[in-house]
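> Sharing a structure with you now.
The values are calculated or read from the model by the stated rules, or taken from the named source; none is laboratory data. Keep in mind that what you see is a predicted model, and the values were worked out from it rather than measured. With ideal geometry, Cβ positions are generated from the backbone for all residues, glycine too; neighbour counts draw on all protein chains shown.
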Amino acid sequence: MTKYTVACIIKSNMDKYNFPEISLPPYYENEEQYVRLFHGDCLEILPEFTRNSIDMIFADPPYFLSNGGITCHAGRMVSVNKGAWDVSQGIEENHKFNLAWLSECQRVLTPNGTIWVSGTAHVIFSVGFAMQQLGFKILNDIIWFKPNASPNLSCRYFTHSTETVIWAAKNQRSKHTFNYELMKELGNGKQMRNLWEISPPQPKEKVHGKHPTQKPLALLDRIIQAATNEKDVVLDPFNGSGSTGIAALRLGRKYIGIELSKEYLDLTIKRLEDEFVNLRLQPVR
Ligand SMILES: C[S@@+](CC[C@H](N)C(=O)[O-])C[C@H]1O[C@@H](n2cnc3c(N)ncnc32)[C@H](O)[C@@H]1O
């Protein structure tokens, strides 16, 4: 065996090790593309993951805003309700939930790993406070500005047109990845600021079906490029329609998603398989 072969074997074993072994059976798996989806509650599934095994997490948790109110969508009055998973349990229970899943995320992050969490005023203060309680190191709060936000029907408030995305490292000792030069390039040669103007998902991102809170691929694309390198493992504990997974695989990262709803997992699988067939993604090796 040549030195080169040994190096390749060690590298390929490292790659496998780098895609965490999880004892639970996945709902869907594509080993060649390094993607695994798990069905169930992330509070039950995350404890099955080994500690220090995930390089980056994007979480778009319940915002707890499904309170029976109304909003405007595509010029029509519609309910704000997203599903039973988004109904508030009261501020204390909501905060306990945020502490519980964030604590598990912190455990599974590698020492230099980072987490990004999106939210509106309904949830983001609890997320930020929970992060402080758990000892995460908050790196940035990104303001995601949606240029074509729906009008406010009541005319008693400013029109909501932003979400916050908190970016945090596992703890104060973390030496997090930040692809500064790449971000500068994407910012037309200027240091990228924390105000990101990104439109909601394009219609072509919804051809396989809709998720009520689907995130645009452009947002995930920027987040993943900023904070990871090729072959890193990206996790989304609230997978939804799998936007994080699509963006991760397009960028040559590995992906693990957890989701309560089989309907949304099936939508994710359709989106993923479309990528594999139509875009001929190269296996992540
Ligand atoms: C805000 S949505 C995420 C949308 C996703 N970012 C996308 O682009 O499609 C939250 C998702 O988390 C799921 N969910 C809610 N509570 C969960 C839990 N405890 N464990 C796993 N999934 C959960 C919901 O079914 C929902 O699909």
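> Do we find a residue being touching a residue at least 12 places away in the same chain (Cβ under 8 Å), on the phi < 0 side of the Ramachandran plot, near the ligand (Cβ under 8 Å from one of its atoms) and not polar (S, T, N, Q) anywhere in region 238-251? Break it down stepwise before answering.
Here is the first cut: in region 238-251, the ones touching a residue at least 12 places away in the same chain (Cβ under 8 Å) are 238-251.
Restricting the remaining residues to those that are on the phi < 0 side of the Ramachandran plot gives 238-239, 241, 243-251.
From the residues that got through so far, the ones that are near the ligand (Cβ under 8 Å from one of its atoms) too are 238-239, 241, 243-244.
Going one step further and asking which of them are not polar (S, T, N, Q), we end up with 238.
Within region 238-251 (the criterion being touching a residue at least 12 places away in the same chain (Cβ under 8 Å), on the phi < 0 side of the Ramachandran plot, near the ligand (Cβ under 8 Å from one of its atoms) and not polar (S, T, N, Q)), the answer is yes, since at least one residue qualifies.
> Could you tell me which of the residues 192, 183, 131 is in a helix (DSSP H, G or I) and free of Cβ contacts under 8 Å to residues at least 40 places away in the same chain?
Numbers: 192 fails: in a helix (DSSP H, G or I); 183 fails: free of Cβ contacts under 8 Å to residues at least 40 places away in the same chain.
Exactly one residue qualifies, and that residue is 131.
> If you take the residues of region 158-192 that are hydroxyl-bearing (Ser, Thr, Tyr) and out of contact with any Pro (no Cβ under 8 Å at 6 or more places or on another chain), which of them is surrounded by the fewest Cβ atoms within 10 Å (Cβ to Cβ)? Reasoning before the result, please.
Residues of region 158-192 hydroxyl-bearing (Ser, Thr, Tyr): 159, 161-162, 164, 174, 177, 180.
Retained after the next criterion (residues that are out of contact with any Pro (no Cβ under 8 Å at 6 or more places or on another chain)): 162, 164, 177, 180.
On the way: 162: 15, 164: 19, 177: 18, 180: 11.
Ranking the candidates gives 180 first.
> Another one. Looking at region 257-272, I want the residues that are without any contact (Cβ under 8 Å) to a residue 60 or more places away in the chain and assigned to a helix (DSSP H, G or I) and have a partner that is near the ligand (Cβ under 9 Å from one of its atoms) and among the hydroxyl-bearing types (Ser, Thr, Tyr) with Cβ atoms under 7 Å, at least 6 apart or on another chain. Which pairs are those?
Partner pairs satisfying both residue conditions: 264/241; 267/241.
> Could I ask something else about it? Would you mind stating whether residue 65 is closer than 23 Å to residue 166 by Cβ, modelled with pLDDT under 95 and either surrounded by 15 or more Cβ atoms within 10 Å (Cβ to Cβ) or within 13 Å of the ligand (Cβ to nearest atom) (or both)? Can you show your working first?
Numbers: closer than 23 Å to residue 166 by Cβ: yes; modelled with pLDDT under 95: yes; either surrounded by 15 or more Cβ atoms within 10 Å (Cβ to Cβ) or within 13 Å of the ligand (Cβ to nearest atom) (or both): yes.
Answer is yes for this residue.
> Just checking, which of 125, 145 is more than 28 Å from residue 233 (Cβ to Cβ), touching a Leu at 6+ places or on another chain (Cβ under 9 Å) and not β-branched (Val, Ile, Thr)?
Details: 125 fails: touching a Leu at 6+ places or on another chain (Cβ under 9 Å).
The unique qualifying residue is 145.
> Could you please let me know if residue 126 is within 16 Å of the ligand (Cβ to nearest atom) and farther than 24 Å from residue 214 by Cβ? Please lay out each step first, then the result.
Details: within 16 Å of the ligand (Cβ to nearest atom): yes; farther than 24 Å from residue 214 by Cβ: no.
Answer is no for this residue.
> Do you know which of the residues in region 193-232 that are surrounded by 15 or more Cβ atoms within 10 Å (Cβ to Cβ) and of a type in the set (Asp, Glu) is farthest from residue 73 (Cα to Cα)?
Result: 232.
> Do you know which residues across region 207-237 are over 18 Å from residue 167 (Cβ atoms) and either touching a His at 6+ places or on another chain (Cβ under 6 Å) or more than 11 Å from the ligand (Cβ to nearest atom) (or both)? I'd like the intermediate steps shown before the answer.
Applying the first criterion (over 18 Å from residue 167 (Cβ atoms)) to region 207-237 yields 207-214, 217, 230-231.
If the condition is that a residue be over 18 Å from residue 167 (Cβ atoms) and either touching a His at 6+ places or on another chain (Cβ under 6 Å) or more than 11 Å from the ligand (Cβ to nearest atom) (or both), then 207, 208, 230, 231 are the ones that fit.
> If I filter region 3-37 down to residues being more than 19 Å from residue 232 (Cα to Cα) and modelled with pLDDT of 50 or more, which single residue comes out as farthest from the ligand (Cβ to nearest atom)?
The selected residue is 23.
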